Structure formats: C-alpha cells, structure tokens
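Right, one structure below, let's go through it.
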Amino acid sequence: MVTMGQCYYNKTIGFFYNNSGKELSSHWRPKDVVVVALGLTVSVLVLLTNLLVIAAIASNRRFHQPIYYLLGNLAAADLFAGVAYLFLMFHTGPRTARLSLQGWFVRQGLLDTSLTASVATLLAIAVERHRSVMAMQLHSLLPRSRVVLLIVGVWVAALGLGLLPAHSWHCVCALDKCSRMAPLLSRSYLAVWALSSLLVFLLMVGVYTHIFFYVRRRVQRMAEHVSCHPRYRETTLSLVKTVVIILGAFVVCWTPGQVVLLLDGLDCKSCNILAVEKYFLLLAEANSLVNAVVYSCRDAEMRRTFRRLLCCLCLRRSTHKSARYTPSARTGASTSIMLPENGHPLMDSTL
C-alpha cells in the first residue's frame, strides 16, 4: 500500500521501477546485450580519443591559449562522460536490480554531471570564439585567470545539476511524480534538464549565426578592395561548413534524447519512450566522440600533434630523434584571413 507523502528510502530499486512501469529484467535479453556491446565500444573510443586530445594540448605549447584550455576542458568533460557511461554499462541490465538507492543515484549523477559539463563547455567555446572574432584576434586575449574561473563555473553548475537529484530533486517521497525513464527522479528534473539543453542549443545557434554574418560582411568588404580573391570566398565556405558541422552534430546527437526527456517530464502517457531511451542515451554519449572530431581533429596543428604522440607510443626509442617540423597554414576548421589594411588576421576559426 503506497501512501502519498511517505518516503521510501528502505525500498529496493525494483519497487520504484514497478511504480513507474519500467521493466527490470532478471536476465540478459538480446536487447540488453546489444546496448552493452555498443555502449562499451563507444565508451572506449570516447576515452581513447579524448585522452589523446588532452595529451596533445598539454604537450604542445602552441595550444597554451584560452580557446585550447576550453577545448581541453571539453575533452575532460567528455572523458568523464566516457567513464560515467562505462560505469553504467557495468551496472545495467539485470545488475540494475542489485543496486542500492545510493548506488543508483551515483550511476545517474555521474552521467548527468559529465553530460552537463560537456554541453556547458560547448556554449563557453562558442562565446569565446565570438569574442575573439569580434575583436579580430587570432587567439583570445582573455586572461588565464578568467578562463580558469569560467571552467570552474562550468563544473560547479554541472556538479550542482548532477548532485541535486540525490539530495532533493527525486521522487522517493512523491511516487506520483516519478519519471518512467529514470524511476527515482522527478519528472520536473527531466523537463528542466531538457529545456536547459534546448536553451544552450538556441544560444549556440545565435552566437554562430552572428559570427557567420559578421565574417561574411568583412569578407565582402575586403573583396571589394582586392578584386574578390578566391581565398576570401574559400573562407566563407569553410566557415559555413564548420558552423553546419558544429550545430548539425549537436542536433543529431542531442535532439532525440532531449525530446524523450521532455516527453517524459511532461508525463506523456501515450508516448512509448522506453522503447528508444537506451539508444538515444547512447547517441548522446556518442556526442563526446563527435566533439573530439569536430572541435579538435579538424585542426591541422592538432592532427600533427596527434601523429607525433602516436609515433612516440609506437616507437619510444626514437622519441628523442624526432625531427622538428615546420608549421604550415591551418586548413579545415582553422581559417585565417589577413586584413589588407593592417595585416592582422580576421579570425582563426577553431569553432
């Protein structure tokens, strides 16, 4: 007999899953095996890729700039997301029923904290790029202390949003407010999380749209004085490509998960969200792999550093004999334009 207003801290995980109508399997089903196999594969790739990004930023002095500190923080958040999802894969399926309430909140909190930190850092990178482009700087002159404060702020917000459910924003004392996807969490928490991510996306769209139109105006203005040099046209196309990739990756990876979170938060009874929620969570986790490709691997200097690090791992004895390389002009996501009037680069789009 369930009494409203009563707390159920002494109940098992199965009690809350039954209350929400979410099936808690007692054996490994084919669907569980597929999800775990895919999840372990994605987690390992996320860990290896983001470790490589962090190592590259730490080892190359050219990357000791504010934007790369933020890229390093993005890699750290995504690395944390890989660890959190790996922990989930080892505590899912039939193993879920053996978790204590505290263990379940730890599993959920790790995911919420890491993914929140990743999304918040994406917004911070967009804002920093906007500031650099508007000031026509190759790299932001933002003081390191302010970058550190920005990174600390990202993690404080992420930890707050990730730890809050375990302490207050749950439904242990209000079973009628429990969500179906996360049977110990309040539906309002899921709705707020989904709306927050949607807000971040809209802000990113606004920031990158403003960057694009600003750069296009600058390019058109310069083209009038240099007979429309092909380099300027290439810059605009490269910027469009980069913006589309950034926003497209975010939409593809996050939109499905945010939609089901919002539907669950709004208590959509007719929506069969449980049939797809595990796959959409896996897609959101895959964004931690996509981030490394979109924000780091498209940088030519970063790719050279990757090759150097991988060669050092494969050929440790030849580490000290590595020849120095001469940096070349960046391509792909990195685009520099020299202003005719003062010789300063218009932008370096490590967007």
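The values are calculated or read from the model by the stated rules, or taken from the named source; none is laboratory data. None of the values given here were measured: they were computed from a predicted structure. Glycine also receives a Cβ, built like all others from the backbone with ideal geometry; neighbour counts cover every protein chain displayed. Keep in mind that these areas ignore ligands, DNA and RNA; they rest on the heavy atoms of the full protein, side chains included. Shrake-Rupley method; radii C 1.70, N 1.55, O 1.52, S 1.80 Å.
Solvent-accessible surface of region 21-312, taken per residue with a 1.4 Å probe and all protein chains present: 44 Å².
A simple rule links phi to the HN-Hα coupling: the Karplus curve 6.51 cos²θ - 1.76 cosθ + 1.60 with θ = phi - 60°, which for region 171-180 gives 10, 4, 10, 8, 4, 6, 9, 5, 7, 8 Hz, with x for Gly and Pro. Protein heavy-atom surface of region 21-312, 1.4 angstrom probe: 70% of the accessible area is carbon and sulfur, with nucleic acids and ligands not counted. Overall size of region 21-312 from C-alpha positions, given as principal axis extents largest first: 70, 44, 38 Å. Take every Cα pair under 8 Å whose residues are at least 6 apart in sequence, average their separation, divide by the length of region 21-312, and the relative contact order is 24 percent. Per-peptide packing, taken as the mean over residues of other Cβ atoms within 10 Å, places 99-110, 41-52 in the sequence 41-52, 99-110 from highest down. For region 35-46, 3J(HN,Hα) computed residue by residue from phi via the Karplus equation (6.51, -1.76, 1.60; θ = phi - 60°) reads 4, 5, 4, 5, x, 5, 4, 5, 4, 5, 4, 4 Hz, glycine and proline entered as x. Length available on full extension from Arg95 to Lys269: 0.36 nm per residue minus the Cα-Cα distance, which gives 59.9 nm.
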